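The values are calculated or read from the model by the stated rules, or taken from the named source; none is laboratory data. Source: prediction; values computed, not measured. Reconstructed Cβ throughout: ideal geometry from the backbone, glycine too, with neighbour counts over all protein chains shown.
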Amino acid sequence: MRSDRSGGTHPGTAGARSAVAEPDPPRALAERQAAPSRVSGLLGDGEAEIELRGVSKRYRSRDRETLALTGIDLGIRRQEFVALVGQSGCGKTTMLRILAGLIQPTTGEVTVARRPLWHGDRRDDDALRKLGLVFQDAHLFPWYTVEDNIGLPLRLRDTGKAERRRRAHELCELVGLQGFEKALPRELSGGMRQRVAIARALSYAPEILLLDEPFGALDAMTRDKMNMELQRIAGATSATVVLVTHSIAEAVFLADRVVLLSARPGRIRSITEVDAPHPRALDVTAEPGFQQKVLALRAQLAEDEERTGDEPRFERAGGLSE
């Protein structure tokens, strides 16, 4: 089991309106709109393989500015599995895309293996080579076979055909797709297509695997199976994994630490350590300690929703996402 560090929770306070709808006193209004305090997830010197320091992201358009993330301090250890959760619009995917080098933070610094991910407006190629990315949609080329889709990143790196084929077959075995190397995407189930996407991300042996709700569109039983597969693959490859998910139960089942982001602007509200050893069987979800962590995280999300007036949007039905 990997050693982890957890942070505390800092719930906001919601004020009530008077029966005659009088304006809120300044103090009550400030309390009602107050956001949870900032939590630092920084680690000790030399502990973090990935680190975000003072990261914020502000989106600007002609008529609007949106502060998506603010004051993110987080370190992630090598071979650690970290899940990012929070209600819709809290900045989970923005944070993952910043980690992946797809978008540049407005302020702050991101380092991968102690190398800055950005040098001015230019990304560091050596840092990027350590990253593999999987989206919710598998994004497979329909005219390519499984083998060709998996080997595409290697083809872009001018790897020879024989080596691409060898690696594709090796990864098909790893993700449970042996025998389907010559199949086209239309001949595969949703879960199988996601396995191809994961294998493709692993084709060049990245040290860090970033996943943005890869199983969100799957049915409950398939999602449970894919969670078991992801756990197995993470162990087999010794990769560091960062997963964005709407499912609290999925996050607690898979992760060493669960990072909960507050409502926009997203900031770290709490960090929950999950000390159950890997690999975990589905039976662990029935244990009291597991349920307590899930309920505590749900309570924090409910407080955020009460503060912002949003409807519940942070869970999906079925399987581990219930």
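Odds and ends about this structure:
- Residues satisfying the stated conditions in segment 98-122, i.e. crowded, with 18+ Cβ neighbours inside 10 Å and either within 18 Å of Val241 (Cβ to Cβ) or among the polar types (S, T, N, Q) (or both): Ile98, Leu99, Ala100, Gly101, Val110, Thr111, Val112, Leu117
- For Met95: the one exception among (1) surrounded by fewer than 16 Cβ atoms within 10 Å (Cβ to Cβ); (2) in a helix (DSSP H, G or I); (3) of a type in the set (A, V, I, L, M, F, W, C): (1)
- Some residue of segment 149-167 being over 17 Å from Ala239 (Cα atoms), touching a strand residue (DSSP E or B) at 6+ places or on another chain (Cβ under 8 Å), modelled with pLDDT under 95 and assigned to a loop (DSSP other than H, G, I, E, B): no
- Segment 75-92, subset outside any loop (DSSP other than H, G, I, E, B) and in contact (Cβ under 8 Å) with a residue 60 or more places away in the chain, residue surrounded by the fewest Cβ atoms within 10 Å (Cβ to Cβ): Arg77
- The one condition in (1) part of a helix (DSSP H, G or I); (2) closer than 22 Å to Asp275 by Cβ that Glu173 fails to fulfil: (2)
For every residue, the table says whether it meets (1) touching a Lys or Arg at 6+ places or on another chain (Cβ under 7 Å); (2) charged (D, E, K, R).
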residue	(1), (2)
Gly120	no, no
Asp137	no, yes
Tyr144	no, no
Arg157	no, yes
Lys161	no, yes
Ala183	no, no
Glu187	no, yes
Gly191	yes, no
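- Yes/no for Ile271 being modelled with pLDDT of 95 or more and surrounded by fewer than 22 Cβ atoms within 10 Å (Cβ to Cβ): yes
- Candidate set: segment 239-254, residues that are within 10 Å of the chain's Cα centre (by Cα) and within 16 Å of Ile50 (Cβ to Cβ); chosen: the one surrounded by the most Cβ atoms within 10 Å (Cβ to Cβ): Leu243
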